[in-house]
Amino acid sequence: MNVAVPPPKENMGQPVARLEARSKVTGEARYSADFPLNNLAHGVLVTSAIAAGSIKSLDLEAARAVPGVIEIFTQENVKGLKDPKFGQGNSSSVQPFNGPKIWHDEQMLALVVANTHEAAEDAAYRLRASYDETKPSATFDSPGSQTLDAVGNTESHKEDPKLGDVEAALATAPVKIDVKYSTPTQHHNPIELFSTTASWQDDKLTIYEPSQFVYGYKNGVAEQLGVDPANVRVVSPLIGGAFGSKGPMTPRTAVVAYAARALNRPIRCVVSRMQGFTTATYRAETRHHIRMGATPDGRIVAYSHEGWEVTSRPDNYVVGGTETTSLVYAYGAVGTRVQIVKADRNTPGYMRSPPETPYMYALESAMDEMAAALKMDPVEFRRVNDTQKEPIKGRPYTSRSLMTCYDQAAEAFGWKKRNPAVGSMRDGDWLIGMGCSTAIYPTNIGPAAVRVRLSPKGEVRIETAAHEIGTGIRTVAGQMAAEPLGLDMKMVTVETGDTDFPPAPVAGGSNSTASVCSAVLVASNRIRDRLFRAAVTSNDGPLAGRNPGDLGMKGGMIVAADGASVKLADLFGQMGSGVIEEYVEHTPEGMPPESMAKLYSGQSSFKRGSQGDKIRFAFGAEFVEVRIHSRTREIRIPRIVGAFAGGRIMNPRTARSQLMGGMIWGIGAGLLEATEIDPRAARYVNRDLAEYMVAVNADVNQLEVILVPEEDHEVNEAGVKGVGELGNVGTPAAIQAAVFHATGKRIRDLPIRLDDLL
Ligand code: MOS
């Protein structure tokens with residue numbers, strides 16, 4: 001794999017290395033479960049052995065007898081915890097300790113607290129529960145599952161996009177396809193385990209927990225415990241992988257905080273890898289039925305997309321990705337419908353590009369099937385249906401570089417050398433297939449606050465509660481200050497993930513760079529303006545009487561074009577300032593003004609890419625080569641080329657890493673990842689990293705990321721679109737298309753595995 005640092009192109013910042021890189025590779029970096037605390041007790045969760053029914057009794061005797069056990073918390077002795085509110089930053093509306101009902105397999109039953117983790121674990125194994133069990137519904141088609149329209153039954157999917165009469169358009173379309181796809185249950189499996197550490201000092205609570213939204217956790221846990229949120233601090237400086245799983249708060253957090261208060265002792269609860277499959281969220285399995293009609297010259301005249309998604313009994317979670325797919329091409333008529341299927345499962349949740357990953361897989365796979373039906377080149381088929389306006393309401397994209405991405409990626413990939421005939425390309429025993437797909441992700445932006453402080457020595461410190469989930473937010477936020485202030489990145493410190501810092505939105509929906517950098521830019525410009533004003537209004541300084549608009553900053557000095565300058569330290573002296581600080585609250589244009597106040601109280605909201613008179617999306621094109629062994633049917637991916645346009649790229653190095661990581665994730669989704677469910681017990685069976693397969697180094701060969709220059713002044717102040725979730729959208733569909741090209745087999749159900757090709 002080529003690991004060269006990509007040089008910046010037009011409208012891109014410098015490829016600065018991550019500010020926290022050294023601390024991470026030396027092991028110095030401190031994650032949430034690493035904070036040392038005095039007199040720490042250890043909590044271990046006990047989870048249910050049934051998926052539906054209720055707890056009859058809990059036998060704690062043997063567990064209590066284990067030396068070192070301090071207390072066991074269950075529905076018997078946890079009193080007064082409020083139920084969380086689903087959809088307001090909580091993963092589920094159920095607080096399992098509030099009653100005997102079992103909603104899903106491996107639901108929390110007890111928290112065993114002991115002097116050591118080992119004693120707590122030993123006791124947890126000895127706790128016995130008896131149940132009144134009912135037969136669970138595991139998934140689609142299970143007896144007792146219930147199908148509902150997403151519209152009217154969910155909070156997030158309010159409308160099924162439509163345009164014109166899709167049935168009439170389908171009836172008369174000269175070329176048609178009618179196809180069904182499915183995607184499996186998937187779990188995030190961040191390498192950092194889920195954990196909560198809770199510590200009380202009198203009535204002040206501190207929680208250390210890997211979180212994508214510390215303000216949400218702070219307010220949520222305060223609400224459940226019935227305490228003043230001002231007394232709760234949540235700390236999450238670095239996160240070892242999240243992908244959406246650490247966005248909403250899960251029921252564990254409040255229970256651990258409750259237990260720590262009851263025992264007047266700090267407690268750390270690290271959830272096992274296995275329990276992470278049910279005590280946190282996941283991506284639910286989906287089904288799709290797509291019908292598409294086109295004219296012989298390749299214009300789409302009808303696109304019908306029905307989707308089904310599994311959700312839980314208590315909560316109607318839905319991703320509803322037709323909101324995006326219906327905007328992608330210049331369809332004639334559009335008809336969509338999303339339905340949820342309620343089963344006895346833990347509530348699903350956000351997982352990297354939640355709506356786009358499954359729904360774009362279906363759409364882009366259908367695009368390849370339609371291109372084949374039309375005997376058209378799949379790239380040309382997308383070109384014919386490309387549009388600068390979304391088809392449903394006719395709103396323009398602020399910028400859309402989809403075909404530029406296709407052209408640059410196709411060139412680098414060598415798409416011209418592909419023989420379009422199915423099964424025609426071969427290298428010895430290996431069948432070769434090539435496929436492509438569109439990637440798309442909305443540019444979401446939310447209100448964010450930052451504190452930026454400049455010292456006379458030219459040191460900058462940025463504080464934001466935004467989350468370093470591995471994406472490089474500290475680095476790009478630092479760059480957004482260093483640039484206007486003319487300072488070297490060595491002078492910049494960025495602190496994140498703490499409710500003692502100004503609030504930032506949930507690190508989800510690829511919003512962080514746009515949201516946080518917009519606020520940092522405003523703050524840095526204000527600091528510059530204050531310095532320039534001071535410089536020109538000083539009585540006898542070297543820049544007295546100049547026009548502030550003619551000044552700049554460089555290397556700790558205010559400079560004029562003719563070389564006249566004043567040192568920051570001198571200017572600070574003259575101003576009588578020890579530091580210059582700006583606290584900026586930035587609310588994106590068009591958002592309700594109260595959204596900033598709501599952010600402080602733990603409610604994160606976005607202006608979504610699909611909202612407004614003009615819509616904002618990042619695009620990409622991905623090309624995949626597969627090789628399939630003619631006898632064993634082993635599937636390999638020797639190379640992927642992706643070209644992506646995401647507005648201003650703050651840092652080509654971190655952007656490329658995000659996009660590479662996304663495409664690697666796409667290899668996993670295409671060929672490997674699936675949580676298997678035992679339908680009799682509604683139980684996940686491969687609950688570990690040995691049997692839940694993700695892409696590893698040996699699965700990844702050549703990956704090329706092309707950053708396509710794109711300038712967009714309308715998207716937001718920072719000009720940034722965000723690339724955190726773009727790269728994994730499209731990879732599985734490109735793999736599906738490549739497998740078809742190699743073998744003539746359409747494998748429509750992910751993941752595509754060797755046994756599908758026998
Ligand atoms: Mo991401 S799934 O929006 O945290």
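Going by the structure shown, is Ser605 modelled with pLDDT of 95 or more and part of a loop (DSSP other than H, G, I, E, B)? For Ser605, the condition - modelled with pLDDT of 95 or more and part of a loop (DSSP other than H, G, I, E, B) - is met.
Might you let me know whether the range 292-299 holds any residue that is within 16 Å of the ligand (Cβ to nearest atom), at pLDDT 95 or above and of a type in the set (Gly, Ala, Ser)?
Looking through the range 292-299, none of the residues is within 16 Å of the ligand (Cβ to nearest atom), at pLDDT 95 or above and of a type in the set (Gly, Ala, Ser).
Looking only at residues of the range 489-533 that are part of a helix (DSSP H, G or I) and within 16 Å of the ligand (Cβ to nearest atom), we find that the one that is nearest to Lys457 (Cα to Cα) is Val516. If you go through the range 316-352 and pick out every residue that is more than 25 Å from Lys85 (Cβ to Cβ) and either assigned by TED's automatic domain parsing to the domain that holds Val94 or within 16 Å of the ligand (Cβ to nearest atom) (or both), you end up with 1. Scanning the range 455-488 for residues that are β-branched (Val, Ile, Thr) and within 16 Å of the ligand (Cβ to nearest atom) turns up Ile469, Thr471, Ile473.
Among the residues making up the range 247-289, those that are farther than 18 Å from Leu45 by Cα and within 14 Å of the ligand (Cβ to nearest atom) are Gly247, Pro248, Tyr282, Arg283, Ala284. Within the range 90-138, if we keep just the residues that are part of a strand (DSSP E or B) and without any contact (Cβ under 8 Å) to a residue 60 or more places away in the chain, the residue that is farthest from Gly247 (Cα to Cα) turns out to be Lys101. In the range 206-228, the condition of being in a loop (DSSP other than H, G, I, E, B), in contact with a Leu (Cβ under 9 Å, 6 or more places away or on another chain) and away from the ligand (no atom under 16 Å from the Cβ) is met by at least one residue. Among the residues here, Glu309 qualifies as assigned to a strand (DSSP E or B), under 30 Å from Thr471 (Cβ atoms), in contact (Cβ under 8 Å) with a residue 12 or more places away in the chain and within 16 Å of the ligand (Cβ to nearest atom). Output the residue which, of all residues in the range 230-271 that are charged (D, E, K, R) and not in a loop (DSSP other than H, G, I, E, B), is nearest to Gly80 (Cα to Cα). Filtering first and then ranking leaves Arg261. The set of residues in the range 547-566 being surrounded by fewer than 16 Cβ atoms within 10 Å (Cβ to Cβ), assigned to a strand (DSSP E or B) and touching a strand residue (DSSP E or B) at 6+ places or on another chain (Cβ under 7 Å) consists of Gly552 alone.
Could you please give the count of residues in the range 5-43 that are farther than 29 Å from Val460 by Cβ, of a type in the set (A, V, I, L, M, F, W, C) and in a loop (DSSP other than H, G, I, E, B)?
The first filter runs over the range 5-43 and keeps only residues farther than 29 Å from Val460 by Cβ, leaving 33, 36-43.
Next, only the ones that are of a type in the set (A, V, I, L, M, F, W, C) stay: 33, 37, 40-41.
From what is left, the residues that are in a loop (DSSP other than H, G, I, E, B) are 37, 40.
Total meeting the criteria: 2.
A single member of Thr632, Thr675 is surrounded by fewer than 21 Cβ atoms within 10 Å (Cβ to Cβ), closer than 24 Å to Gly435 by Cα and over 16 Å from the mean Cα position of the chain (by Cα), and it is Thr632. Which of (1) crowded, with 24+ Cβ neighbours inside 10 Å; (2) in contact with a Lys or Arg (Cβ under 9 Å, 6 or more places away or on another chain); (3) not hydroxyl-bearing (Ser, Thr, Tyr) is the odd one out, the single condition Gly730 does not satisfy? Condition (2) is where Gly730 drops out. Among the residues of the range 145-184, the ones that are assigned to a loop (DSSP other than H, G, I, E, B) and touching a Lys or Arg at 6+ places or on another chain (Cβ under 7 Å) come to 3 in all.
Restricting attention to the range 493-535, the residues being buried (at least 24 other Cβ atoms within 10 Å of the Cβ) and within 24 Å of Gly647 (Cα to Cα) number 21. Please tell me if Phe243 is within 16 Å of the ligand (Cβ to nearest atom), buried (at least 23 other Cβ atoms within 10 Å of the Cβ) and of a type outside the set (Val, Ile, Thr). It is true that Phe243 is within 16 Å of the ligand (Cβ to nearest atom), buried (at least 23 other Cβ atoms within 10 Å of the Cβ) and of a type outside the set (Val, Ile, Thr).
Restricting Pro354, Pro358 to those that are touching a strand residue (DSSP E or B) at 6+ places or on another chain (Cβ under 8 Å), crowded, with 17+ Cβ neighbours inside 10 Å and in a loop (DSSP other than H, G, I, E, B) reduces the list to Pro354.
Filter the range 703-754 down to the residues that are of a type in the set (D, E, K, R) and either touching a strand residue (DSSP E or B) at 6+ places or on another chain (Cβ under 7 Å) or modelled with pLDDT under 95 (or both) and list them by number.
Matches in the range 703-754: Glu704, Glu710, Asp712, Glu717, Lys721, Glu725, Arg748, Asp749.
Selection within the range 143-193: residues that are of a type in the set (Asp, Glu) and farther than 30 Å from Lys24 by Cα. The member of this set that is modelled with the lowest pLDDT is Glu155.
The values are calculated or read from the model by the stated rules, or taken from the named source; none is laboratory data. Please read these numbers as outputs of a predicted model, since none were measured by experiment. Note that each Cβ is placed from the backbone with ideal geometry, even for glycine, and that neighbours are counted across all protein chains shown.
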